[in-house]
Amino acid sequence: MRRTEIAKIAAAAILALGVTSAMATITGSKHDLSATGGGTIKADAGQNNDEICVYCHTPHAANTDFAGAPLWNKATPSSGSFTMYGATAANTAGQTIAGTSTDQQPNAPSLACLSCHDGVSAINSIVNAPGSGGYNASGQLVAFGATAAGTAKTMPAGVTQIGTDLTNDHPVSITYVEGAASLKPTTTAVTGWSGASTIADLLRNGKVECVSCHDPHLGESDTFLRRNAGTVGEASNKGSKVCLTCHDK
Ligand code: HEC
Ligand code: HEC
Ligand code: HEC
Ligand code: HEC
């Protein structure tokens, strides 16, 4: 092998390493709810709450209501309370312009996001708190900012409070029907997405859910968009590439 070739390979390897280390930076993001996290909604310091994953996952005694959101560490939001895209009442299927029906309620992967973003569920609820003896099936409420332990801290009003009314949000828990709403075939290759090489990989049980577009761990995108890993420094949705991945518009 010539020297220049070796140098090129080494440079490529360094670049690849750089890409890898830029991925999955939940630490210090708004989803890092430990006392040292990046947002304003987070745990108080000094009460054994310096863990990051624990606000969503637990290694043991997880709430298995959330199939698809693994080892989920939060209580289940009250059922039947969501109004789906295109629906006229809560707990009924919605109808899109293209004629596809949503499910009556969000499925578990989306419900996991809504277990903090619905404005009703407690963000500071943990089923299995850090350390010994921290288990409480209905969820413990730990101290969060001005909110004392035992008091629910819900998502404040504003754009991050998705709410229980999903009529003004991109449809979720909806089957991906090729051709409807100019949707591309599910076998279409996708670039720049984390954990996906085709559109099919973005779907959960063939449906669009919050995690189709977002990865809650990818904190280097300020809106946790899943299309980020490909091109370093490129904004995730530049040129609406997130949307144009599925819609042939
Ligand atoms: C804000 C909530 C949240 C936090 C905090 C969080 N996760 Fe997750 N995690 C999720 C959700 C939601 C899913 C399901 C994703 C999906 O269905 O694509 C998931 C899935 C996973 C998975 C399985 C999916 C995969 O392919 O990787 C692993 C492993 C994981 N998380 C590890 C972690 C670790 C380790 C931490 C702490 C460093 C962490 N998570 C922090 C929400 C969170
Ligand atoms: C454990 C609670 C929790 C869970 C679960 C959770 N989030 Fe969040 N998320 C937050 C908090 C807290 C913020 C910061 C909100 C703020 O400051 O207004 C946030 C912020 C965000 C933001 C960035 C908002 C911005 O404009 O900067 C996005 C996007 C987001 N979450 C999406 C999701 C998605 C998608 C899921 C599910 C895969 C999810 N979240 C699950 C607590 C959570
Ligand atoms: C079809 C793709 C898609 C789906 C599905 C989706 N989002 Fe988003 N979401 C986005 C994009 C793109 C942005 C960034 C919008 C921007 O930059 O203005 C965003 C932004 C957000 C924000 C930040 C506030 C804002 O509007 O800028 C939150 C919070 C959020 N999403 C949560 C969710 C939750 C929770 C779900 C599931 C109920 C969900 N998203 C489903 C694409 C999606
Ligand atoms: C993962 C694939 C996927 C991505 C990414 C995606 N969409 Fe969609 N979108 C869908 C599906 C599936 C539907 C439901 C289509 C139907 O009616 O059958 C839909 C529906 C819609 C609708 C409503 C159509 C109707 O019939 O009511 C609009 C508008 C839309 N998307 C715009 C967007 C925009 C804007 C973005 C980027 C922020 C985006 N989509 C990203 C899959 C996606």
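Residues whose amide H falls under 5 Å from that of H214, counting only those 5 or more places apart or on a different chain, are R226, with hydrogens built in the peptide plane. Residue-wise HN-Hα couplings along the stretch 167-183, as the Karplus relation 6.51 cos²θ - 1.76 cosθ + 1.60 with θ = phi - 60° gives them from phi, are 5, 9, 10, 3, x, 10, 6, 10, 5, 7, 9, 3, x, 5, 6, 6, 7 Hz; Gly and Pro carry x.
Which of A87, A152, A137 moves most in a GNM of the chain, Cα contacts under 10 Å? Fluctuation is largest for A137. Entry note, the stretch 121-184: relative contact order of 24 percent, from Cα contacts under 8 Å with a spacing of 6+ residues. Amide H contacts of R204 (H built 1.01 Å from N, in plane; Pro and chain starts excluded): E209 sit under 5 Å, all sequence-distant by 5 or more or on other chains. Put simply, the amide H of Q140, placed in the peptide plane, has neighbours under 5 Å in I126, V127, leaving out anything fewer than 5 places away on its chain. Within the straight-line cut-off of under 30 Å between alpha carbons, the lysines reachable from K249 are K184, K207, K238, K241, sequence neighbours fewer than 8 places apart in one chain being disregarded.
So for the chain, averaging the separation of alpha carbon pairs under 8 Å that are six or more residues apart and normalising by length, what relative contact order in percent results? All intermediate terms of the calculation are to be shown ahead of the outcome.
Details: 485 pairs, mean separation 41.9, N = 249.
It comes to 17 percent, rounded to a whole number.
Put the Cα centre of the stretch 154-231 next to the Cα centre of the stretch 56-84 and the gap is 19 Å. Shape analysis of the chain yields a ratio of the Cα radius of gyration to the Kirkwood radius, Rg/Rh, of 1.02. If you sort the three axes of the alpha carbon gyration tensor as a ≥ b ≥ c, you get a/c of 1.5 or more for the stretch 156-247 and a/b no higher than b/c, which makes it oblate.
Please state the relative contact order of the stretch 78-216 as a whole percent: Cα pairs under 8 Å, 6+ residues apart? Walk me through the numbers before you get to the answer.
Working: 248 pairs, mean separation 31.2, N = 139.
For the stretch 78-216, the relative contact order is 22 percent.
Per residue, the chain reaches -4500 deg cm²/dmol at 222 nm when only DSSP H runs of four or more residues are counted, each adding -39500 (n - 2.57).
Bear in mind these aren't lab numbers, they're just calculated from the coordinates by the rules spelled out. Bear in mind the structure is a predicted one, so any value in this text is a computation, not a measurement.
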